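Engineer: Submitted below is the structure of interest, expressed as structure tokens.
The values are calculated or read from the model by the stated rules, or taken from the named source; none is laboratory data. Keep in mind the model is a prediction, meaning the values are calculated, not measured. Positions of Cβ are backbone-derived with ideal geometry, glycine not excepted, and every protein chain shown enters the neighbour counts. Ligands, DNA and RNA are excluded from the accessible area calculation, which covers all protein heavy atoms including side chains. Shrake-Rupley method; radii C 1.70, N 1.55, O 1.52, S 1.80 Å.
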Amino acid sequence: IAVIGAGAASVELAFALRQRFPLCAVTLVCGGVAPPANLPMDVQQRVLRRLKICGINVLAQHCTAIGAGHLILDPVTTLICDVPVLTLGVQAPSWLKNSDLTLDEQGFVAVNQFQQSISHPQVFACGNVAGHSEPLNPESAGDAERAAANLATNLFATLSRLHLLAFTLPVKRLTFVSCGTRYAVAYRGNWSAEGRWVGYWKDWIERRSMTRLKTIP
């Protein structure tokens with residue numbers, strides 16, 4: 001199995017596949033970027049060590065083509081692969097192009113500080129459909145919870161003709177990278193930690209977040 005990508009989602013998927021299929025060879029093709037991409041160096045080092053411990057191969061080459069039973073890597077190398085898994089970054093839904101909503105350069109709904117469309121005030125957008133000055137972290141349950149809670153507050157405020165609440169994210173947010181088998185890496189600012197206890201901590205936070213989302217009035 002070859003996972004093609006270098007982001008946190010690619011890494012977490014590689015660990016999940018290793019856990020689910022322990023007898024399969026799992027390779028992470030990260031295209032010259034240290035995984036997980038765009039994360040602090042100490043977090044990358046922790047994750048790389050864990051990838052090695054779990055027997056997940058990491059190739060720094062770019063995948064240029066997918067063939068029947070193999071991948072073509074750059075420079076010209078053939079990697080035998082029965083199951084290629086592409087982990088693409090977040091992309092704006094294609095239907096937004098045909099809407100009258102003003103979009104940002106990446107094709108997401110352009111919103112103001114209230115998660116409100118800048119062209120249609122009656123339309124709100126959050127999560128991976130909306131453009132933000134600081135994008136939501138898809139690996140952070142806290143980001144999703146904050147966005148959803150703020151959206152619910154502003155929808156109620158709009159219907160009640162009250163003042164809207166600006167949506168902001170903490171400068172330093174606690175973020176996790178799952179490494180399979182209840183093991184995880186956590187970081188916030190310059191601090192990081194890893195272990196099974198971190199994995200249980202991550203699970204507890206995410207279950208609590210899902211419970212809160214279900215009870216948002």
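Engineer: For the range 87-100, check the following and say yes or no: at least one residue is polar (S, T, N, Q), under 18 Å from Ala25 (Cα atoms) and not in a loop (DSSP other than H, G, I, E, B).
Structural biologist: No: zero hits.
Engineer: Under 6 Å between Cβ atoms, which residue pairs at least 6 apart in sequence (or on different chains) link something in the range 68-81 that is without any contact (Cβ under 8 Å) to a residue 24 or more places away in the chain with a partner that is in a strand (DSSP E or B) and of a type outside the set (Val, Ile, Thr)?
Structural biologist: Short answer, once both residue conditions are applied: Ile72/Ala65; Asp74/His62; Thr78/His70; Ile80/His70.
Engineer: Would a scan of the range 153-167 turn up a residue that is at pLDDT 80 or above, touching a strand residue (DSSP E or B) at 6+ places or on another chain (Cβ under 6 Å) and either closer than 23 Å to Val47 by Cβ or not in a loop (DSSP other than H, G, I, E, B) (or both)? Working first, answer last.
Structural biologist: Our first condition is that a residue be at pLDDT 80 or above; within the range 153-167, this holds for 153-167.
From what is left, the residues that are touching a strand residue (DSSP E or B) at 6+ places or on another chain (Cβ under 6 Å) are none.
There is no residue in the range 153-167 that is at pLDDT 80 or above, touching a strand residue (DSSP E or B) at 6+ places or on another chain (Cβ under 6 Å) and either closer than 23 Å to Val47 by Cβ or not in a loop (DSSP other than H, G, I, E, B) (or both).
Engineer: Still on this model: Filtering the range 130-143 down to residues that are open to solvent by 40 Å² or more (accessible area, probe 1.4 Å) and farther than 20 Å from Pro36 by Cα, which residue is modelled with the highest pLDDT?
Structural biologist: His132
Engineer: Hey, could you check the range 180-217 for residues that are hydroxyl-bearing (Ser, Thr, Tyr) and over 22 Å from Asp42 (Cβ atoms) and say which is modelled with the highest pLDDT?
Structural biologist: Checking each candidate, the answer is Thr211.
Engineer: Scan the range 43-67 for residues that are surrounded by fewer than 14 Cβ atoms within 10 Å (Cβ to Cβ), of a type in the set (D, E, K, R) and more than 23 Å from Val83 (Cβ to Cβ) and report the count.
Structural biologist: 1
Engineer: Determine, yes or no, whether Val109 is surrounded by 14 or more Cβ atoms within 10 Å (Cβ to Cβ) and in contact (Cβ under 8 Å) with a residue 12 or more places away in the chain.
Structural biologist: yes
Engineer: For Phe176, work out the one condition from (1) open to solvent by 100 Å² or more (accessible area, probe 1.4 Å); (2) hydrophobic (A, V, I, L, M, F, W, C); (3) under 30 Å from Val26 (Cα atoms) it doesn't fulfil.
Structural biologist: Single failed check for Phe176: (1).
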